[in-house]
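The values are calculated or read from the model by the stated rules, or taken from the named source; none is laboratory data. These numbers were taken from a predicted model, which means no experiment stands behind them. Ligands, DNA and RNA are excluded from the accessible area calculation, which covers all protein heavy atoms including side chains. Shrake-Rupley method; radii C 1.70, N 1.55, O 1.52, S 1.80 Å.
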Amino acid sequence: MIKKIQVKNGTKEATLIRSLNRIPQNSFIVQKIINDVIKFGDNAIIKYTKKFDNVKIDSIVVDKEEIKKAYQEVTMNQLNSLKKSKKLLEKNEKMLLRRLTGIISSIDGVKIERIVKPIDSVGCYVPGGKARYPSTLIMCAVPAIIANVSRIAVVSPPMKNGNIDPLTLVAADICGIDEVYRVGGAQAVAALAYGTETIKKVDKIVGPGGLFVNIAKLFVSNKTDIDMIAGPTEL
């Protein structure tokens, strides 16, 4: 049963109801994608990238040369904005980390101290397609960097030319991340959760996505930790 959600615009309401109604049928599709990635690994990723993104990719890995070329497609203003965003977020996350650690109680000579220990690896899902989301990469990666997570992997769907959005690649480079894969959708979530020949599994998956991504995150959450079920607007 779908609960009707009241919104002012009737068209938006109808769209929302249709989206909710699609969840059960899409769950079967997502489960098949996950099973195929577990069974066939990289071949399944390439297959579903062709099917859903209409892009044929020869390599899942984004190499250093492609990251270097991405700088040629980014303006100086964009570059400075990315650097400023990273710097401000780092400052905020460091302050937050300080608040989360340290002695929280001291009674009769007994001290209780809170210690934060990083997990080993994080997978950042960065939406792609028509829109650009370099800010998502920064918001996902910087907290992990400040927490001293040793491995950060980025996945993002390729554009029609098979490349990743240059702004996203530059943002990854600014954050010191060189493990980037041209894959999106449920297949990317499955790869991060279970691993393939090319993509090693991670301890946690973060980042917003569409319906398939959210369903996939929910399905793999019994295997791999996730942040939350969030759409592109985090509505």
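Observations on the model:
- Between the stretch 168-205 and the stretch 34-80, the alpha-carbon center distance in angstrom: 10
- Solvent-accessible surface (1.4 Å probe) assigned to Phe40 amounts to roughly 100 Å².
- Extension gain, Arg99 back to Lys83 (0.36 nm per residue minus Cα-Cα distance, nm): 3.3 nm
- Sequence-distant residues sharing a close amide H with Ile226 (under 5 Å, placed H): Ile205
- For the stretch 62-184, alpha-carbon Rg relative to the globular expectation (2.2 N^0.38 Å, N residues): 1.28
- Bridging of Lys160 to aspartates and glutamates at a Cα separation below 20 Å is possible for Asp42, Asp53, Asp58, Asp63, Glu65, Glu66, Glu73, once same-chain residues fewer than 8 apart are set aside.
- Under the Karplus curve 6.51 cos²θ - 1.76 cosθ + 1.60, θ = phi - 60°, whole-Hz ³J(HN,Hα) for the stretch 48-63, x wherever Gly or Pro sits: 6, 5, 5, 6, 8, 9, 6, 10, 9, 10, 8, 9, 6, 7, 8, 7
- Per-residue extension of 0.36 nm, minus the Cα-Cα distance of Lys91 and Ser59, leaves a gain of 7.9 nm for this segment.
- Note that the chain presents 59 Å² accessible area per residue, ligands and nucleic acids not counted, probe 1.4 Å.
- Excluding same-chain neighbours fewer than eight residues apart, the aspartates and glutamates reachable from Lys83 by a Cα-Cα span under 12 Å are Asp173.
- GNM result for the chain, Cα springs below 10 Å: residue of Lys94, Lys86, Lys217 fluctuating most strongly: Lys94
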